[in-house]
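The values are calculated or read from the model by the stated rules, or taken from the named source; none is laboratory data. On a predicted model such as this, the values are computed, not experimentally measured, just so you know. Positions of Cβ are generated from backbone atoms using ideal geometry, with glycine treated the same way; all protein chains shown enter the neighbour counts.
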Amino acid sequence: MSVSIQELGQRLKLLRKRLDLSQESLAESMGVNQNQISRLENGVGGTIELLLLLFSFYSKHFHVDLLFSDNFDILEKHEKLSNSHSINSIAVEKLKLAQSEFSTQIEEVIRLLDTP
């Protein structure tokens, strides 16, 4: 997928707002000028260095690889873990059920083979 600089800027803006940060406070915490943040979020300019700084900053809170996804969604670090955990729980329960059913079938085959 190809994400335009305008789309990327809008997505970065959504991440900033999710953290309830102003452009000023974000810029200050990163040691850059607020105008640089504004230009990047508005899709009118920015540097690779600034983009890398933002990715590094946001990666502490979000899965930044989704910034380039067709199905962009803000997914916080803990959300993926809890979602993964619930998927794992379902998988474990299904495997336990399959193991139980398989074990019963094996016992039946052994019983049939042992019967004269």
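The residue that is surrounded by the fewest Cβ atoms within 10 Å (Cβ to Cβ), counting only those in region 1-10 that are part of a helix (DSSP H, G or I) and of a type in the set (A, V, I, L, M), is 5.
Listed by position, the helices (runs of 4 or more DSSP H) contained in region 11-58 that have at least 2 residues being at negative phi and of a type in the set (S, T, N, Q) are 23-30, 34-41.
If you filter region 11-25 down to residues that are without any contact (Cβ under 8 Å) to a residue 24 or more places away in the chain and surrounded by 15 or more Cβ atoms within 10 Å (Cβ to Cβ), you find that the one that is farthest from residue 45 (Cα to Cα) is 21.
Residues in region 34-54 that are farther than 17 Å from residue 7 by Cα and at pLDDT 95 or above: 34, 35. List pairs: first residue in region 36-60 and over 12 Å from residue 13 (Cβ atoms) and assigned by TED's automatic domain parsing to the domain that holds residue 21, second residue loosely packed, with under 12 Cβ neighbours inside 10 Å and at pLDDT 85 or above anywhere in the structure, Cβ distance under 8 angstrom, at least six positions apart or on different chains. That search, which allows pairs on different chains as well, returns 57/29. A single member of 57, 102, 72 is within 23 Å of residue 18 (Cβ to Cβ), modelled with pLDDT under 75 and of a type in the set (Phe, Trp, Tyr), and it is 72.
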